[in-house]
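The values are calculated or read from the model by the stated rules, or taken from the named source; none is laboratory data. None of the values given here were measured: they were computed from a predicted structure. Note that we place each Cβ from the backbone using ideal geometry, even for glycine, and neighbour counts take in every protein chain shown. Accessible surface is based on the protein model in full, side chains and every heavy atom, while ligands, DNA and RNA are left aside. Shrake-Rupley method; radii C 1.70, N 1.55, O 1.52, S 1.80 Å.
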Amino acid sequence: MGTPQFASFYPDFYIERLWEKCIKCRRCVKECSYGAHIWDEKKKTLLEDHTKCVGCHRCEAMCPTKAIIIRRHPSEFREHALWTPWFIKNIYKQADQGGVLLTSTGCALPFKNYFDHLVLDACQVTNPPIDPLREPMELRTYIGPKPEALEIEEVNGKFRLKKKLPPLIKLEVPIMFAAMSYGAISLHVHQGLARAARDLGTLYNTGEGGLHASLYEYGSNTIVQCASGRFGLHVDYLKAGVAIEIKIGQGAKPGIGGHLPGEKVTEEISKTRMIPVGSDALSPAPHHDIYSIEDLRGLIYALKEATEYKKLVFVKIAAVHNVAAIASGIVRAGADAVVIDGLKGGTGAAPTMFRDYIGIPIELAISAVDKRLREEGIRHRTSIIASGGIRSSADVVKAIALGADAVYIGTAALIAVGCTMCQRCYTGKCPWGIATNNPELIKRLPPEVAYEKIYNLVKAWAHEIKEMLGAMGINSIESLKGNRDKLRAVGLTKEEMEILEVKHAGE
Amino acid sequence: MPLELDISHLHYSQVNKILRDYIEKGEREFILRGVNGHRYLFAGISAEIKAQLYGTPGLDLGAFMRGPEIRVFGNVQDGAGNTMDEGKIVVHGMAGDVVGYAMRGGKIHIYGDVGYRVGIHMKAYMDKVPVIIIGGKAGDFLGEYMAGGIIILLGMHSIYPERPLAGLFLGTGMHGGTIYVRGKVKESYLGLGLKPYALDGEDEKILEKHLKEYCDDFGLDLSEILKEDFIKIIPYTHRPYGKLYAY
Ligand code: SF4
Ligand code: SF4
């Protein structure tokens, strides 16, 4: 007998088949990319391998007779407050395989979610709310540095600006799509995001995997990313979008680089990333040309110079302990926008310990950065883009009231296209056709469907944001920015409220 | 006739603007004098042009560029050929740190020594194989994370006789490409898991081809360079981190 694999003894999920409903059509066998449903040819019946089930619910959703229920595995360990099944099973896995625990999406631990401790204001009696269905309500947001003051001159009886404004990016909604690389997610999702961004008047972000030839036409709605691996990064790529994002860090895995396993580097991906098929795409932890704020300035201006100052340069960091000081350095280095990705920011693959324990919540980070930049008198020189755990339009409103100019959504957009948060994107076998490039699996999510779902989501959120603004008596998102008076805390400590600069409810 | 410019009193962005305008007008050859720490010269320029630079270019000479052939009579500061796409940089002197970072094509020929972190994350794709040739010695982390391309280290024209040929962590994490070194390097200087190998016939052909061009650039004698044996360092796996994880 070989060495026992302890982890395989205790499956996470249990596939329950309702035999009275099952018509043995074998759809589930086809749908499951993990092989958890098995057709027994001899006995002409179906079998389940519960150990293979990742809880993605694809079979349950696709079964024509709704004969499948995916449950948590009912088998239980004796209760122990410290040694919960999560820790026990992780130790089994590592004892079996001797590796770093890998996972996907964002932090799964119940750290305090500050958004859930903030409530919004609304008008009553003294100033009337505004009805967005009746009155114009503006969500338009400009990303980029604003001048310290406007100098106006009179020429032939007409007033005009003395100096031309630096380039700004106009967003019709303050919601953009976060960097998710082609490779981590399918080309169809990218196509959906790009089209949705265009129709919504916002931007999507290529991530670090280069830009597929079919997406160059969405240039004016594109942010291209420059990460440490510099994959698929050439002049045409840099010039393709309206902004270039230097990725320093990511909320799901601050302090480490990226790693697209060779299995995911297919023919098309190899073309876009410009690396051989099947080879690992490794992004080092640091950019090796950036070891200081001065070096960061070096790269920011190299990019600006290479693109003739026509593109904005964003710098994305993970929210970590000294985020405010770091952000200040980034602004001084010349970044047109600082992107802060919080503890709960998602990923296609990250070591579990990094995902769950490194970084700070985005709410605190936004407020701290906004405050620091205001105190230093440089807030106008940049835009703050917040990401990591934005789940609803109310979260967007709160993030902006805490000081962000706009937000990025990643996970929310993926859930909109069917993601069930099974947290196994790193396998490349996403049964919903999202985080995969398997030619069979990607067919499950055609680009038109991705587009429609993402478009609908943001349209709905935009409307909700207008409603909430209207209720507060505000008719423009600009007036909400950093407007902490519209927020009150429920159940937060003095210290937390100080950092967030909000009063407690009732105050 | 090449267009001659004295750039000593110009800001780098003015210089690049002037260059771009002339290139647009069809000018193909330039001589820049008074180069004195100007950053980003030729950054992002996409054109088949030739330039001679007298002085010391600053940070990121030729970053992201595609096509220009730049000959520097002097030393260059850090970041030469950063993420360069195509073209050539020839330096009749020394170069600073991070030469050819993430370079994907073209050539960089340095007559003398280079600093730290040179050739990090160079990559190759199809017929695009970037080449860096260093006539002197190199600092730590030469070819770290290398994913493709060729680095040739000669160690001949160094002003630091006391230093080893290459610094520590040579080729750490490399998963593609080849590093050729004239002479020997201590195994303890190599990145984890790497070993020096003897050259085969194919290697010798590659080496000769690239070194011939190098010799032409600097007026050197190829037979002199080939007098000593070379070793090569190649990745021990294309998946250095394939077994790192538990699922
Ligand atoms: S898809 Fe549903 S009905 Fe078809 S075999 Fe599977 S469980 Fe039975
Ligand atoms: S994208 Fe796919 S693999 Fe990733 S969590 Fe969602 S359903 Fe699972």
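Tabulated results
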item	result
Hydrodynamic radius of the range A:20-75 per Kirkwood, over alpha carbon pairs, in Å	11.6 Å
Mean Cβ neighbour count within 10 Å, used as a protection proxy, ranking B:75-83, A:273-281, A:10-18 highest first	B:75-83, A:273-281, A:10-18
Cα centroid of the range A:188-210 to Cα centroid of the range B:172-210, whole Å	42 Å
Over the range B:53-110, volume per residue of the alpha carbon convex hull, in Å³	51 Å³
Over the protein assembly as shown, equivalent-ellipsoid semi-axes from the Cα gyration tensor in Å	46, 37, 22
Cross-link partners of A:LYS24 among aspartates and glutamates (Cα-Cα below 15 Å; sequence separation of 8 or more within a chain)	A:GLU16, A:ASP40, A:GLU41, A:GLU48, A:GLU60
Solvent exposure of the range A:141-504 as accessible area per residue, Å², 1.4 Å probe	35 Å²
Helix runs (DSSP H) in chain A reaching 15 Å along axis by Cα, Kyte-Doolittle at least 0.5	none
Inter-chain shielding of A:222-231 (mean C-beta neighbours from other protein chains, 10 Å cut-off)	3
Percent of Cα-Cα distances greater than 25 Å, calculated over the range A:329-452	37 percent
Normalised convex hull volume, the range B:29-125, alpha-carbon set, Å³ per residue	66 Å³
Rounded to 5, the percent of DSSP beta bridges in the protein assembly as shown classed as antiparallel	30 percent
Cross-link pairs beyond the 30 Å C-alpha cut-off, checked among A:LYS112/A:LYS443; A:LYS89/A:LYS429; A:LYS30/A:LYS264	A:LYS112/A:LYS443
Cut-off under 5 Å, modelled amide H: who pairs with A:VAL339 long-range	A:VAL315, A:LYS316, A:ILE317, A:ILE385
Dipole magnitude of chain B about its Cα centre (Cβ charges: Lys, Arg +1; Asp, Glu -1), debye to nearest 20	600 debye
Accessible carbon and sulfur surface of the protein assembly as shown relative to its total accessible area, %, 1.4 Å	54 percent
With eigenvalues of the C-alpha gyration tensor scaled by 5 and rooted, the range A:108-147, Å	29, 23, 11
Residues with amide H under 5 Å from that of A:LYS429, placed H, sequence gap 5 or more	none
Exercise: per-residue mean of other protein chain Cβ atoms within 10 Å, A:35-42	0
Placed amide H near A:GLY207: partners under 5 Å, 5+ positions off or other chain	A:MET180, A:GLN225
Peptides A:334-344, A:220-230 ordered by average Cβ neighbours within 10 Å, highest first	A:334-344, A:220-230
Convex hull volume of the range A:141-504 per residue (C-alpha atoms, cubic angstrom)	144 Å³
Neighbourhood net charge (13 Å Cβ-Cβ; Lys/Arg +1, Asp/Glu -1) for A:GLU308	+3
Scattering profile of the range B:141-182 at q = 0.15, 0.21, 0.25, 0.35 Å⁻¹ [log10 I(q)/I(0), Debye over alpha-carbon scatterers]	-0.37, -0.67, -0.85, -1.22
Cα extents of chain B along the three principal axes, largest first (Å)	53, 50, 31
Cβ neighbours within 10 Å from other chains - mean over A:275-282	6
For the pair A and B, total buried accessible area rounded to nearest 100 Å², probe 1.4 Å	3700 Å²
